[in-house]
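Trainee: Below: one structure in structure tokens.
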Amino acid sequence: MSNKTLLAIDVGSTSITAVIAKNNLDGKINILGTGTSKSEGINKGSITNIEVASKAIKNAVNIARGSTSEVIDSSVISISGAYTKGLRSLGSVNVPNGLITETEINQVMQMALYNATIIPEYEVVHVLPIFFKVDDSKDVENPLNMNGSRLEVAVYIVTAKRTALTNVKSALKQVGIELTNFVLDGYASAISLLDEQQNKFGATVINIGGTTTEFVSYKGSSIVYNGFIPVGSNHITNDLSVMLHTPPNAAETLKIKYGNLLKSNENEDLTIKKVKIPRIGDEQSTSEVSLDHIQTIIHARVEEILVLVKNKLKQSGIQENIGAGIVITGGMSQLSGIKELATKVFENTPIKISNPINIKNGYMNFDDPTMSTIVGLLFYGLDDNRTYELDSNKKLMKRAVKKEELTIPPVQKEEPVVKEEKLKEKINETLEKEDSTKLPTLSKKDKGKGMSRFWSKVSEWF
């Protein structure tokens, strides 16, 4: 079990969240400090102003650090799918000793990475095994300690623009943070949301944020596709502001208070038909707008986002392989009626609106759709029971080995009489099962030592 202190930073499109945590003695994540700040210097997932972005990150990190004196051992930060590309590759290696160890698993994944055609200006963020193959055994989940002569793997590789990653590193460096790993935003969300059945049968996670929509298709223990759309809930605010000629803050209030994707006749309790809104440029004067008109504007934008995701999934050929359906998270997943609309858009594919696993603590409520990424980052950095992968440093992230497997039982000192009896039993078994010609071969130097050499060999067995 890892006992390191982790700093996780989620750089979202509307806010930046920093959490310091470590595993307690029971292996559960213990939150030591949290901090949030307004996301600035970042546009649609990319850093546009390093100075401003680093200050925003620093504010969030300093608030989190104010609650703990623990020294940070490692750090992970989310990156947007805006500047990422995904590709697949294959690798194979021979198993010289017939027993597959972590050395062979690392070698085969490095070989798959070596065989991939990666664009020069892109760097590796994740190398995830879709499945392993041992000799003729296909779809092996974990090949460790299996016997075979050949190990093969199919991997999904996430790469990101080198310049974008460098900008993130620069922003963190100004804050005095040494980065350990980058983690794809959508991948982190999937880790925090999907259960065992959804992983097994395949599911797509759609995280609709403020200015971006990230989505990943997940099957087994790996991403099989990831995508990005530069549209989010802030575009609804902008649409309302432009089309209703009202200030952005008033448009945001309309979206939160009256946003509904269900038809008015389905809401019997809806008594308000019109609302007054201030006019842009002259906020002292107001105008009346019908709720139907407001909801039509919201509906059009949300439907557009879902249709764009659907089209990308169709183009990739992944849509037929998401047996467990689609999971929607992020701030916009709280919009009333989004599940019903998504069911129509995705043609009766199972739809679930989901919150991440709630890590109980005294600082922050994680049972919220906007917390999916930060919770996933914590599990990525602290959960030892995850699958193999090559991280952004191209190092193998190993599966946890159970404590009892790691503990070598101490050699118990036995009484000489008991030991001698065991030795005699061993000798008798050996003489019964083997011919005397199968005794250890003696070298010329040792010839003549006779029975003493035999007793030495027997001693080695114990």
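Every number in this text was worked out from the coordinates using simple rules, so none of it is lab data. Small disclaimer: the values here were computed from a predicted structure and weren't measured. Neighbour counts are summed over all protein chains in view; Cβ atoms, including those assigned to glycine, are modelled from backbone coordinates with ideal geometry.
Trainee: What is the extension gain from ILE119 to SER170, computed as 0.36 nm multiplied by their sequence separation minus the C-alpha to C-alpha distance, in nm to one decimal?
Mentor: Using 0.36 nm per residue and subtracting the Cα-Cα distance, I get 16.1 nm.
Trainee: Let me know the shape class of region 66-150, please: from the alpha-carbon gyration tensor, a ≥ b ≥ c as square roots of the eigenvalues, rounded when a/c is under 1.5, otherwise prolate if a/b is greater than b/c, or oblate.
Mentor: Taking the square roots of the gyration eigenvalues as a ≥ b ≥ c, region 66-150 is oblate.
Trainee: Sticking with this one: Report the number of Lys pairs in region 152-292 whose alpha-carbons are under 16 Å apart, with separation of 8 or more residues or on distinct chains.
Mentor: Taking region 152-292 as the scope, the lysine pair count is 11.
Trainee: What residue among ASN147, LEU128, LEU99 has its Cα farthest toward the positive end of the dipole of region 85-160, where the charges are +1 on Lys, Arg and -1 on Asp, Glu, each on the Cβ?
Mentor: Positive-most Cα among the choices belongs to LEU128.
Trainee: Label points 7 Å out from Cα along the Cβ direction at VAL242 and ASN97: separation in nm?
Mentor: For VAL242 paired with ASN97, the spin-label model returns 6.4 nm.
Trainee: Tell me the volume per residue, in Å³, of the convex hull enclosing the alpha carbons of region 165-251.
Mentor: Dividing the Cα hull volume of region 165-251 by its residues yields 152 Å³.
Trainee: Then there is this: Could you work out how far apart the two model spin labels at ASP136 and THR343 are, taking each label as a point 7 Å from the Cα in the direction of the beta carbon, and quote it in nm?
Mentor: The answer from the label model is 4.7 nm.
Trainee: Let's test the formula: R0 of 41 Å, r as the Cβ-Cβ distance of ASN30 and LEU308. What FRET efficiency results, to the nearest 0.05?
Mentor: FRET efficiency, ASN30 to LEU308: 0.55.
Trainee: Charges at C-beta only: +1 for Lys and Arg, -1 for Asp and Glu. How large is the resulting dipole of region 20-65 about its Cα centre, in Debye rounded to 20?
Mentor: Computed about the Cα centre, the dipole is about 40 debye.
Trainee: Along the charge dipole of region 196-354, pointing to its positive end and built from +1/-1 on Cβ of Lys, Arg, Asp and Glu, which listed residue (SER290, ILE236, ILE353) has its Cα farthest out?
Mentor: It is ILE353.
Trainee: Any chance you could run the full-extension gain for ILE353 through LYS276? It's 0.36 nm times the residue separation minus the Cα-Cα distance, nm to one decimal.
Mentor: Residue separation times 0.36 nm, minus the Cα-Cα distance, leaves 24.6 nm.
Trainee: At 7 Å along Cα-to-Cβ for each site, give me the label-to-label distance between THR163 and ILE63 in nm.
Mentor: With each label point 7 Å from Cα toward Cβ, the separation is 3.2 nm.
Trainee: Just to confirm my numbers, what's the Cα centroid distance between region 40-96 and region 369-385 in Å?
Mentor: 13 Å
Trainee: Give me the three principal axis extents of region 290-380 from the C-alpha atoms, as integers in angstrom, largest value leading.
Mentor: 41, 41, 17
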